[in-house]
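Report on one structure; see the data block that follows.
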């Protein structure tokens, strides 16, 4: 396993016929390449409790989300992941969130495959696919 510093994290969301990136204000964060057969990563966020309802909701629903994170340096290109919340912990006025994620390999068009899956699951149709391509 290899551990890296998580410098930033954005959540990709669909809002009113558009894809928007919501930056999560990190106090700290790590990302661990588990180096397993499924290419899974463990993402740990340490942030304030203003996100508690959002992450608890994702945890309870089991929904997958699209996240983009910058690893090691702010100047690095963001890596894109499909992630699920596996744990949310309150720590005084702050919280930590654990995500299990799979890195999306942009070179192999996995983003298109993943978005097609989202569309098939009832998201906002072909417009979602087109808009997501515009922001990535």
Legend entry - In nm, spacing of pseudo-spin labels at residue 34 and residue 57 (7 Å Cα→C-beta vector): 2.6
Legend entry - Extension reserve of the residue 46-residue 84 stretch, reckoned as 0.36 nm per residue once the Cα distance is removed: 12.1 nm
Legend entry - Taking all pairs of distinct alpha-carbon atoms in segment 60-104, Kirkwood radius in angstrom: 11.9
Inset, instruction - Kindly give Rg over Rh for segment 35-78, based on alpha-carbon atoms, with the Kirkwood expression for the hydrodynamic radius. - result: 1.02
Legend entry - Neighbour-count order for 70, 2, fewest beta carbons within 10 angstrom listed first: 2, 70
Inset, instruction - Would you compute the Debye intensity of segment 2-106 from its alpha-carbon atoms alone, equal scatterers and no solvent, and pass along log10 I(q)/I(0) at q = 0.10, 0.22 Å⁻¹ to two decimals? - result: -0.25, -1.29
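Since every read-out is calculated from the coordinates, none of them should be taken as a lab result. No experiment lies behind these values; they were computed from the predicted model shown. Counting neighbours? That spans all protein chains shown, and the Cβs are built from the backbone with ideal geometry, glycine included.
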